[in-house]
Amino acid sequence: SDSITGGRRCGAIRYECNAEPILAGHCYCTVCQRASGTDKIPVVAFPEDAFRLTGGITEYTVEADSGNTSTRGFCPTCGDPITGNGTGMAGMVMVSASSLDDASVFQPQMDIYVDSAPPWAHMDPDLPKVPGMPEE
């Protein structure tokens, strides 16, 4: 299959993945809420060994509500989010779906961290709801 590509609009960061996504969904964790300024971030997870990123990302790590750590990668040029990885997600790279060159690659399969969603969040009733991170 063709590679899946993406990056940030400024062009400073590009990525390519030669494997299909592992999962895709809307993440309602509090870290995503703060990073996005809204109730969720649509995310796509790719196998780490098939994912290549070019350009320097800036990363910061915070402690999540669970006590796990969450590391966010963003573009130092434009500030847009690019990656988000936490402890317990070994072998995958999660990217913000807004960074995909082809938006149709994002096919949400689930809502995750729904226990952290704000009361005003509007969720798709047809998607499965996962209280936290889905089990592998």
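The values are calculated or read from the model by the stated rules, or taken from the named source; none is laboratory data. All of these numbers come straight from a predicted model, not from anything done at the bench. Note that we place each Cβ from the backbone using ideal geometry, even for glycine, and neighbour counts take in every protein chain shown. Only protein heavy atoms, including side chains, enter the accessible area calculation; ligands, DNA and RNA are left aside. Shrake-Rupley method; radii C 1.70, N 1.55, O 1.52, S 1.80 Å.
Total residues in region 39-56 satisfying the condition of being out of contact with any helix residue (DSSP H, G or I) (no Cβ under 8 Å at 6 or more places or on another chain) and surrounded by 18 or more Cβ atoms within 10 Å (Cβ to Cβ): the figure is 4.
Filtering region 117-129 down to residues that are touching a strand residue (DSSP E or B) at 6+ places or on another chain (Cβ under 8 Å) and charged (D, E, K, R), which residue is surrounded by the fewest Cβ atoms within 10 Å (Cβ to Cβ)? Among those residues, the one meeting the criterion is ASP124. Can you name every residue in region 63-79 that is at pLDDT 85 or above and of a type in the set (A, V, I, L, M, F, W, C)? Within region 63-79, PHE74, CYS75, CYS78 meet the criteria. If the condition is being farther than 18 Å from PRO134 by Cβ and within 15 Å of the chain's Cα centre (by Cα), then region 47-68 contributes PHE51, LEU53, ILE57, GLU59, TYR60, THR61.
Is it true that ARG14 is over 14 Å from the mean Cα position of the chain (by Cα), among the basic types (Lys, Arg) and closer than 11 Å to SER99 by Cβ? Considered against the rule, which asks whether it is over 14 Å from the mean Cα position of the chain (by Cα), among the basic types (Lys, Arg) and closer than 11 Å to SER99 by Cβ, ARG14 comes out as yes. Residues that are among the polar types (S, T, N, Q), free of Cβ contacts under 8 Å to residues at least 40 places away in the same chain, open to solvent by less than 30 Å² (accessible area, probe 1.4 Å) and closer than 14 Å to GLU16 by Cα do not occur anywhere in region 95-116.
Does VAL43 qualify as being touching a His at 6+ places or on another chain (Cβ under 9 Å) and not charged (D, E, K, R)? Yes; evaluated as a whole, the condition is true for this residue. Picking from residues in region 1-29 that are β-branched (Val, Ile, Thr) and in contact with a Phe, Trp or Tyr (Cβ under 8 Å, 6 or more places away or on another chain), the one that is least open to solvent (accessible area, probe 1.4 Å) is ILE4.
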